[in-house]
Amino acid sequence: RVLLLFQPRPTFLVFGAYALAACLALLLAACCFWGASGRRRPRFVAVLLHALLSVSGAAVVLYTSFLLASIPAVPLWNSVWLTVLFALSSCSCGLALVMAVLHATAAAFGTTDYLRRAVRALSVVDLAFVLCEIVACALLVLAGLDVPVVAPDATSASLTASVETLLFGEHAW
């Protein structure tokens, strides 16, 4: 049944299967490229490999965010702002992981001025992503508040309940 995911049909799951497979294959290629000892590593190959990894990673993020937004069980999730929020959050988490690896590298090999500048620059970019996340989250909540007042249906009532739970529920803090 897993092989059925790779049949060319226009669904989120098929797109996601291809995106994940491409990302994993490229990751394996990158590990082999950087793990090979004693060989000269052409810069062009490194740039191409990491560009393809970035594109496949973005495809996985978009697949996951669109899949999440398409789930009808929680009406609050059925918003383009959830997709934007999820994509921004993924970028922010990726930057945090890169900074953690840089800190671990600095602890193991000693801190250099280049490393400090790189972490500082990445933290500024991450801050920009976090600020954009805050805006996307606010827009998601505002979109959830925009429900019909006259003759609300069950979906509208569920959407209102989701927003109220998000803002004022027991775990809202």
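Below is a table of values for the structure above.
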item	result
Magnitude of the charge dipole, the chain, Cβ model with Lys/Arg +1 and Asp/Glu -1, debye to 20	1200
Carbon/sulfur fraction of accessible area - the range 23-128, other protein chains in place, 1.4 Å, %	74
Tilt relative to the chain, helix 12-35 - C-alpha long axis, 0 to 90 degrees, to 10	20
Over the chain: helical MRE at 222 nm, DSSP H runs n ≥ 4 each giving -39500 (n - 2.57), nearest 500	-26500 deg cm²/dmol
15, 129, ranked by accessible area, largest first (probe 1.4 Å)	15, 129
Which of 170, 164 is most accessible, then next, and so on - probe 1.4 Å	170, 164
Pairs of alpha carbons in the range 1-62 whose separation is greater than 17 Å (percent)	48
Probe 1.4 Å, accessible area per residue of the chain, Å²	69
Two-decimal Rg to Rh for the range 21-173 - Kirkwood Rh, Cα set	1.11
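The values are calculated or read from the model by the stated rules, or taken from the named source; none is laboratory data. Note that this is a predicted model, so its numbers are computed, not measured. Every residue, glycine among them, receives a Cβ derived from its backbone with ideal geometry; neighbour counts consider all protein chains shown. With ligands, DNA and RNA removed, areas are computed over all heavy atoms of the protein, side chains included. Shrake-Rupley method; radii C 1.70, N 1.55, O 1.52, S 1.80 Å.
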